[in-house]
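> Have a look at this one.
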Amino acid sequence: MRPEEGFAEAAQACFGTNIQTNGVVVSPYGVLAFVKIGAVERLCGVDDALVVGKNSVLAPGDAVQVAFEGDKPFVRGVATRRTWLSRLAIGRVQEQVIAANVDVLLIVTAAAQPAFKRGLVDRFLIAAQHGGVEPALCINKIDLTGGVIPEAARTYQETGLPVYLTSCTTREGVPDLWRSLRGKRAVFAGHSGVGKSSLINAYAPELAIATQTISNSNEKGKHTTTQSRIYSLPGGIQVIDTPGIRQLGLWGVSKEELHHYFPEMERLAGNCRFRNCSHVHEPGCSVLEALESGELSRLRYASYLRIRESLDPVR
Ligand SMILES: Nc1nc2c(ncn2[C@@H]2O[C@H](COP(=O)(O)OP(=O)(O)O)[C@@H](O)[C@H]2O)c(=O)[nH]1
Ligand SMILES: [Mg+2]
Ligand SMILES: [Zn+2]
């Protein structure tokens, strides 16, 4: 049974009962949400139990139950998430789920304009692991550096993370990237202006998602993509485009467990003299020894320290 526009009315006329069906959240919209029900996208009301303040707790990708009241659809329930990408909400001590039930997090960066920064990449890697999502790194705008990977990005390939070098201008690397996403649901995330929406347009030009124009690319804090949204693309790919973010506050990760989220440190930590070693100052610390010998990347360790500073201890 495939619910179509007018189906609810027809069903009610026949049976005189409320019908219930399943849907997928395409884009949350304040206390409402755009939901794909069968082949149709409908703006739905959301049950009070799923609303906190001015927003629902729904994220693109959530599997929801929709009930019709007359011809009006309402989200009544949400299924347990298989995977998720979440962050600490801005201005509130609360989890904000950016995307639900995704297979891949594509961390999108630029080789230049804006300059490659590791901070957000390392934080996204942690958030991906926390939510059970496979991470991959895309270094876009590789045309601007003549194909050269920025120095700060070089260690990632060594850690086994899939790295895609792309250019929406020359299309270099674009087919490879999209081939890797066949049959999957991916979320594209990263700073503003790195080319997230452009990469989607490069694969599916018919979507014509708004991207920054040259004239406004210098405006500070300009976000062309203001709402996360799922797009269904050829090849069985679903992709969630997200607005650019400046800072990713981590949710659900404490100071003490942070090293579990750095696989190369986690491997070493078992050999530290103290079981509760923080890998910051302790004698007999295998992580510090590996740092000394050059086995552990200084850049990654610097990230560990910086992120550790920002986290709370277990309460
Ligand atoms: N030179 C170059 N510019 C690009 C590339 N990809 C995107 N851009 C430009 O970068 C700007 C930001 O792109 P946009 O897709 O809006 O970034 P988003 O904020 O991450 O979605 C736009 O002016 C794009 O035309 C690329 O591969 N090379
Ligand atoms: Mg965008
Ligand atoms: Zn240690």
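> Among what's in the range 271-308 and is of a type in the set (Gly, Ala, Ser) and surrounded by 13 or more Cβ atoms within 10 Å (Cβ to Cβ), pick the residue that is nearest to ligand 2 (Cβ to nearest atom).
Step one: of the range 271-308, the residues of a type in the set (Gly, Ala, Ser) are 278, 284, 286, 290, 293-294, 297, 302-303.
Filter once more, keeping what is surrounded by 13 or more Cβ atoms within 10 Å (Cβ to Cβ): 278, 286, 290, 297, 302-303.
On the way: 278: 38, 286: 42, 290: 39, 297: 30, 302: 29, 303: 25 Å.
Only one residue tops the list, namely 303.
> Taking the range 26-71 as the region of interest, how many residues are in contact with a strand residue (DSSP E or B) (Cβ under 6 Å, 6 or more places away or on another chain) and aromatic (Phe, Trp, Tyr)?
The number of residues fulfilling the criteria is 1.
> Between residues in the range 72-91 that are touching a residue at least 12 places away in the same chain (Cβ under 8 Å) and under 18 Å from residue 106 (Cα atoms) and residues that are polar (S, T, N, Q) and not in a strand (DSSP E or B), which pairs lie under 8 Å by C-beta distance while being six or more apart or on different chains?
Qualifying pairs under 8 Å: 82/101; 83/101; 84/101.
> Test residue 125 against the criterion of being within 21 Å of residue 209 (Cβ to Cβ), of a type outside the set (Val, Ile, Thr) and either within 16 Å of ligand 2 (Cβ to nearest atom) or buried (at least 18 other Cβ atoms within 10 Å of the Cβ) (or both), and give yes or no.
no
> Just need a number here: residues in the range 247-298 that are over 23 Å from the mean Cα position of the chain (by Cα) and in contact (Cβ under 8 Å) with a residue 60 or more places away in the chain. Talk me through it step by step, then tell me what you get.
Filtering the range 247-298 for residues over 23 Å from the mean Cα position of the chain (by Cα) gives 256, 265-298.
Okay, now just the ones that are also in contact (Cβ under 8 Å) with a residue 60 or more places away in the chain, so 297.
Result for the range 247-298: 1.
> Could you say which residue among 245, 240 is of a type in the set (A, V, I, L, M, F, W, C), in contact with a Ser or Thr (Cβ under 7 Å, 6 or more places away or on another chain) and within 13 Å of ligand 1 (Cβ to nearest atom)?
One residue alone meets the criteria, 240.
Okay, residues lined up against (1) assigned by TED's automatic domain parsing to the domain that holds residue 297; (2) at pLDDT below 95; (3) touching a strand residue (DSSP E or B) at 6+ places or on another chain (Cβ under 8 Å); (4) within 16 Å of ligand 1 (Cβ to nearest atom):
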position	(1), (2), (3), (4)
145	no, no, no, yes
179	no, no, no, no
184	no, no, yes, no
189	no, no, yes, yes
214	no, yes, no, yes
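> Looking only at residues that are buried (at least 18 other Cβ atoms within 10 Å of the Cβ) and closer than 24 Å to residue 134 by Cβ in the range 65-89, which one is nearest to the chain's Cα centre (by Cα)?
Out of the qualifying residues, it is 85.
> To continue, here is another question. Run down 295, 219 and say which single residue is modelled with pLDDT under 95, in a loop (DSSP other than H, G, I, E, B) and closer than 24 Å to residue 153 by Cβ.
295
Listed here are the residues, each with its yes/no results for (1) in a loop (DSSP other than H, G, I, E, B); (2) closer than 22 Å to residue 33 by Cα; (3) not assigned by TED's automatic domain parsing to the domain that holds residue 126.
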{"site": "199", "(1), (2), (3)": "no, no, no"}
{"site": "225", "(1), (2), (3)": "yes, yes, no"}
{"site": "246", "(1), (2), (3)": "yes, no, yes"}
{"site": "250", "(1), (2), (3)": "yes, no, yes"}
{"site": "260", "(1), (2), (3)": "no, no, yes"}
{"site": "265", "(1), (2), (3)": "no, no, yes"}
{"site": "268", "(1), (2), (3)": "no, no, yes"}
{"site": "271", "(1), (2), (3)": "yes, no, yes"}
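> For the range 226-245, name all the residues that are touching a residue at least 60 places away in the same chain (Cβ under 8 Å) and charged (D, E, K, R).
Passing the criteria: only 229.
> Same structure again: Looking at the structure I just gave you, is residue 56 in contact with an Asp or Glu (Cβ under 6 Å, 6 or more places away or on another chain), surrounded by 19 or more Cβ atoms within 10 Å (Cβ to Cβ), more than 17 Å from residue 231 (Cβ to Cβ) and not aromatic (Phe, Trp, Tyr)?
Values: in contact with an Asp or Glu (Cβ under 6 Å, 6 or more places away or on another chain): no; surrounded by 19 or more Cβ atoms within 10 Å (Cβ to Cβ): yes; more than 17 Å from residue 231 (Cβ to Cβ): yes; not aromatic (Phe, Trp, Tyr): yes.
No.
> Please state which one of 204, 136 is surrounded by 17 or more Cβ atoms within 10 Å (Cβ to Cβ) and within 13 Å of residue 104 (Cα to Cα).
Values: 204 fails: within 13 Å of residue 104 (Cα to Cα).
Answer to the check: 136.
> Another question, if that's okay. Assess whether residue 262 counts as being aromatic (Phe, Trp, Tyr), farther than 30 Å from residue 201 by Cβ and exposed (fewer than 13 other Cβ atoms within 10 Å of the Cβ).
No, not satisfied.
> While we're looking at this one, here's another question. Going by what's in this entry, would residue 306 be described as away from ligand 1 (no atom under 16 Å from the Cβ), touching a residue at least 24 places away in the same chain (Cβ under 8 Å), not assigned by TED's automatic domain parsing to the domain that holds residue 159 and not small (Gly, Ala, Ser)? Spell out the reasoning first.
On the way: away from ligand 1 (no atom under 16 Å from the Cβ): yes; touching a residue at least 24 places away in the same chain (Cβ under 8 Å): yes; not assigned by TED's automatic domain parsing to the domain that holds residue 159: yes; not small (Gly, Ala, Ser): yes.
Spelling it out, residue 306 is indeed away from ligand 1 (no atom under 16 Å from the Cβ), touching a residue at least 24 places away in the same chain (Cβ under 8 Å), not assigned by TED's automatic domain parsing to the domain that holds residue 159 and not small (Gly, Ala, Ser).
The values are calculated or read from the model by the stated rules, or taken from the named source; none is laboratory data. What you are looking at is a predicted structure, and each value in this text was computed from that prediction instead of being measured. Note that we place each Cβ from the backbone using ideal geometry, even for glycine, and neighbour counts take in every protein chain shown.
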